[in-house]
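Values quoted throughout were computed directly from the atomic coordinates according to the rules given, and no laboratory measurement underlies them. In this text, all values refer to a predicted model and were calculated from it rather than measured experimentally. Counting neighbours? That spans all protein chains shown, and the Cβs are built from the backbone with ideal geometry, glycine included.
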Amino acid sequence: MVTGDNIAIAKQIAGELGLGQNILLADQIIKAKDNEDIVYTVSQAAERADGFAQVFPEHKYWLVKDFQANNHLVGMTGDGVNDAPALKQANVGIAVSGATDAARAAADLVLTGTGLSVIIDAIEEARRIFERMNAYAI
């Protein structure tokens, strides 16, 4: 989980989602990379952390690329113009309901409803479609 929210909010959300409570501040990673004074590399952080908090939009693209470089599949949700590069780069970019035109254009999937349950519904529907396609192709 990568969020721009405060660390306390990020920990609460991560707990509700069952992701764990080991949330790192993104600036620890970003400053370390910028200053070459590495506390954690992104790959180490990705393996140790359950998420990152207080991430600025301009750093999301960088984080997505680093996760992918370390063989992680990345799903990204966003709604703003600043999220568009990371949405485009992610393995699955998801524009949330009410997203800007730029975010919608960059995303692979555009949600029309609100909440996390809509993402789960979309994944379940995609799996059903995939199963049908495989059944007809074989």
Computed over the chain, the relative contact order (Cα-Cα under 8 Å, seq sep at least six) in percent reads 16 percent
Gained length - Thr114 relative to Leu19, 0.36 nm times residue gap less alpha-carbon distance
32.1 nm
Taking region 73-138 on its own, what percent of its Cα-Cα pair distances exceed 19 Å?
36 percent
For the chain, what number of Lys pairs, 8 or more residues apart or on separate chains, have alpha-carbon atoms under 22 Å from each other?
8
All other residues with a Cβ under 13 Å from the Cβ of Gly98 taken together, and with Lys, Arg as +1 and Asp, Glu as -1, what is their net charge?
-2
Highest average packing first - 84-94, 108-118, Cβ atoms within 10 Å
84-94, 108-118
Under a point-charge model restricted to the Cβ atoms of Lys and Arg (+1) and Asp and Glu (-1), what is the dipole moment magnitude of the chain relative to its Cα centre, in debye to the nearest 20?
240 debye
Give me a comma-separated list of calculated 3J(HN,Hα) values for region 111-117, in order, Karplus coefficients 6.51, -1.76, 1.60 applied at θ = phi - 60°, integers in Hz, x for any Gly or Pro.
7, 9, x, 9, x, 6, 4
Difference of contour (0.36 nm per residue) and Cα-Cα distance, Gln12 to Ile123:
37.5 nm
Can you give the helix-only mean residue ellipticity at 222 nm for the chain, where every DSSP H stretch with n ≥ 4 adds -39500 (n - 2.57) and the sum goes over all residues, rounded to the nearest 500 deg cm²/dmol?
-16000 deg cm²/dmol
Which order do Phe52, Phe67, Phe130 fall in if you start with the one that has the fewest other Cβ atoms within 10 Å?
Phe130, Phe67, Phe52
Signed unit charges on C-beta, dipole axis of region 73-138, positive-most listed residue Ala122, Val96, Thr77:
Ala122
Given Cβ charges of +1 for Lys and Arg and -1 for Asp and Glu, the option among Leu24, Ala8, Asn134 whose Cα lies farthest towards the positive end of the dipole of the chain is Asn134
Read-out Kirkwood radius over Cα pairs in Å, derived from the coordinates shown; its label in (i) 18.9; (ii) 15.1; (iii) 16.0:
(iii)
